[in-house]
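Here is the structure we will look at, set down as structure tokens.
The values are calculated or read from the model by the stated rules, or taken from the named source; none is laboratory data. All values derive from a computational prediction rather than experimental measurement. Cβ coordinates were reconstructed from backbone atoms using ideal geometry, including for glycine residues, and neighbour counts include every protein chain displayed. Calculation scope for accessible area: heavy atoms of the full protein, side chains included, ligands and nucleic acids excluded. Shrake-Rupley method; radii C 1.70, N 1.55, O 1.52, S 1.80 Å.
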Amino acid sequence: MKKSLFLSMCIAMMFSSVHAGTVKVYAAASLNNAVTKISRIYQAQHPQTKIISVFGASSALAKQIEAGASSDLYFSADQDWMNYLVQKKLINSSSVHPILLNQLVAISPKHLNIHFKPQSSFNFVQSFKGYVCTGQMESVPAGKYAKQSLTKLNWLNGLKGRIVGADDVRSALAFVERGECEVGIVYKTDALISRKVKVIGTFPANSHSPIVYPLALTRQGAQNKEAVQFEQFIQKSAQAKAIFQKYGFRLNP
């Protein structure tokens, strides 16, 4: 009897394993908390589906996908890297949906009292003594937006030698949390999840390109039924929208 029960359980486990669907999501580091929460909710509702999330700089993730990494969904922090994968024919342009918006802010450790005014006339360079951390300015979306704003406000040249380019925006946040940088330039959503930093100012929306987060199925994901269903859940469900808003994202109309 025990042997029969054991065999039945093994068969059930094999059946479950064969039919379980895996969805691999490559998402910008700033989406970590929101996508992780959404994935847990979805998996609770669809126990046969396993969501595997990989977080990092949108640039690094796009390069990994280009190099052949297995991925079903790509969730970028800017349109440029999404366009890059469309041009490489790894994503169909018709599957791209710009669903979220964000803001660029300046942060500092909570114990510091650094003044900030988003005006060219403000002497930002002398408002603090140490380094300013953001994403790598030539590739990481947060760094690209930061470079645009610093250039627009005529602050970039004065900060030469004092800018630390991190591998992704969460790494930049961590530098400021540890006090290794007195100022950070990150997304509003990153600042909101930390108890160790405070927002000292918001960069004007017209000082950088719109911070848009596009979501898309990869060529591989388009053939994965579970990936298609999860993409729809992220894009359209009230639960996912509420979570994004909870973490400070704005929904793209």
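For the chain, the per residue solvent-accessible surface stands at 50 Å², with DNA, RNA and ligands left out and a 1.4 Å probe. For the chain, the longest principal axis of the Cα atoms and the long axis of helix 141-152 meet at an angle of about 20 degrees. Using C-alpha pairs below 8 Å separated by at least 6 residues, the relative contact order for region 165-253 is 21 percent. Take the Kirkwood radius over Cα pairs of region 30-131, plug it into Stokes-Einstein at 37 °C and 0.692 mPa s, and you get 191 µm²/s for translational diffusion. Computed from Cα atoms, the angle from the helix 32-45 axis to the main principal axis of the chain rounds to 20 degrees. Compared with the dominant Cα axis of the chain, that is its longest principal axis, helix 225-236 is turned about 40°.
In plain terms, the C-alpha convex hull of the chain casts an average shadow of 16.2 nm² when viewed from every direction. The amide H of residue 130, built 1.01 Å from its N in the peptide plane, has 182 as neighbours under 5 Å, considering only residues 5 or more places off or on other chains. Loop-resident trypsin sites (Lys or Arg not before Pro) (DSSP state other than H, G, I, E or B) in region 166-222 with no more than 14 further Cβ atoms inside 10 Å of their Cβ: 178, 195, 196.
Counting protein heavy atoms only, the chain has 54 percent of its accessible area on carbon and sulfur, 1.4 angstrom probe. Karplus-derived 3J(HN,Hα) values for region 168-173, using 6.51 cos²θ - 1.76 cosθ + 1.60 with θ = phi - 60°, are 7, 5, 5, 5, 4, 4 Hz; glycine and proline are entered as x.
Would you compute, from DSSP H runs of 4+ residues alone, the mean residue ellipticity of the chain at 222 nm, taking -39500 (n - 2.57) per run and dividing by the full residue count, rounded to the nearest 500?
On the way: 9 runs with 98 residues, N = 253.
After summing the helix terms and dividing by the residues of the chain, the value is -11500 deg cm²/dmol.
How high is the FRET efficiency from residue 123 to residue 192, r the C-beta distance, R0 22 Å, rounded to 0.05? Using R0 = 22 Å, I get an efficiency of 0.20. Here the simple spin-label model places points 7 Å from the Cα toward Cβ, and for residue 202 and residue 232 these points are separated by 3.5 nm.
Listed by chain and number, the lysines whose alpha-carbon sits under 24 Å from that of residue 88, ignoring those within fewer than 8 places in the same chain, are 24, 63, 144, 225. All Cα-Cα distances of region 104-202, cut into 10 Å bins from zero to the largest, leave 18, 57, 24, 0 percent in each bin in turn. Amide H contacts for residue 51 (H built 1.01 Å from N in the peptide plane; partners 5 or more residues away or on another chain; cut-off under 5 Å): 23. Packing around the peptides 233-245, 91-103, taken as the average count of other Cβ atoms within 10 Å per residue, puts them in this order, highest first: 91-103, 233-245.
Would you mind calculating the gained length between residue 239 and residue 152 on full extension (0.36 nm times residue separation, minus the Cα-Cα distance), in nm to one decimal?
Numbers: separation 87, 0.36 × 87 = 31.32 nm, distance 3.77 nm.
Between residue 239 and residue 152, full extension yields an extra 27.6 nm.
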